[in-house]
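These notes are about the structure you will find just below.
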Amino acid sequence: MAVLNMLDTKYFLLPDQQTGAVNVQKNDSAMRAAWFVKEIKIVNGPVEEIKALDIFDPAKTGCIDKDKNATVTTIAFDSSAKIKLTKYNNDEREYESDAKSDQFAVFSEIYYSAGWNAYIDGKKTPYYKVNYLLRGMPVPAGHHVINFKFEPASYKTGYTLATIGNILLYLLLIGGLYMSFRKKELKYSFTKQDNTQV
């Protein structure tokens with residue numbers, strides 16, 4: 001249940017053993033899109049990290065592999081602190097946070113470092129793999145806007161090459177039009193000279 005809760009599983013489809021009908025049951029323990037934890041548990045490697053999921057409360061604890069070099073400051077948990085999802089699309093997630101002290105946020109999003117970048121108030125910020133498969137990051141006190149943006153290097157390279165290609169194409173087009181215009185102008189000039197000589 002702890003894993004299902006941290007994955008923000010809001011509903012369960014349960015088949016009725018007698019009738020075969022499917023019943024929908026709401027999960028009131030689902031963790032939402034993001035939340036602040038009270039403590040960080042540092043574990044020794046991915047095996048210990050996944051085993052820790054058997055005996056933990058995702059609402060209170062975040063587990064991080066020590067080999068990920070996470071720089072986590074001490075958490076002074078603020079029970080009044082809030083974090084909420086404000087924007088969601090394929091390539092970007094936006095959250096707003098409010099806290100009186102430094103917190104550590106866990107996001108119910110699969111950790112995928114190849115292309116996803118995190119920003120706090122527009123400043124690029126490191127984030128970590130938490131609870132074996134989710135994203136997590138320290139969030140400073142105060143009001144902040146947190147963004148996750150999908151910005152893979154391959155996309156940037158492709159976009160840059162496409163932009164350069166378009167510029168070259170436009171330059172060739174303009175050059176071709178100029179040469180065509182110039183050729184017509186020279187032809188008209190020679191025709192005019194020939195008519196004058198006659």
Would you say residue 17 is assigned to a strand (DSSP E or B) and of a type in the set (S, T, N, Q)? no
Provide a single number: the residues in the range 143-164 that are at pLDDT 80 or above and open to solvent by less than 100 Å² (accessible area, probe 1.4 Å). 11
Yes or no: the range 67-85 includes at least one residue that is within 20 Å of residue 151 (Cβ to Cβ) and modelled with pLDDT of 90 or more. yes
Say whether the condition of being among the polar types (S, T, N, Q) and either in contact with a Pro (Cβ under 8 Å, 6 or more places away or on another chain) or over 26 Å from residue 99 (Cβ atoms) (or both) is met by at least one residue in the range 29-40. no
Does residue 7 meet the test of being hydrophobic (A, V, I, L, M, F, W, C) and under 19 Å from residue 128 (Cβ atoms)? yes
Entirely in the range 30-136, the strands (runs of 3 or more DSSP E) that have 2 or more residues that are exposed (fewer than 13 other Cβ atoms within 10 Å of the Cβ): 82-89, 123-125
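Just wondering, is there one or more residues in the range 14-30 that are in contact (Cβ under 8 Å) with a residue 60 or more places away in the chain and of a type outside the set (Asp, Glu)?
No - not one qualifying residue is present in the range 14-30.
Determine whether residue 55 is among the hydrophobic types (A, V, I, L, M, F, W, C) and closer than 14 Å to residue 36 by Cβ.
Values: among the hydrophobic types (A, V, I, L, M, F, W, C): yes; closer than 14 Å to residue 36 by Cβ: no.
In short, no.
The values are calculated or read from the model by the stated rules, or taken from the named source; none is laboratory data. In this text, all values refer to a predicted model and were calculated from it rather than measured experimentally. Heads up, the Cβs are rebuilt from the backbone with ideal geometry, glycines too, and the neighbour counts pull from every protein chain shown. SASA here: full protein model, heavy atoms, side chains in, ligands and nucleic acids out. Shrake-Rupley method; radii C 1.70, N 1.55, O 1.52, S 1.80 Å.
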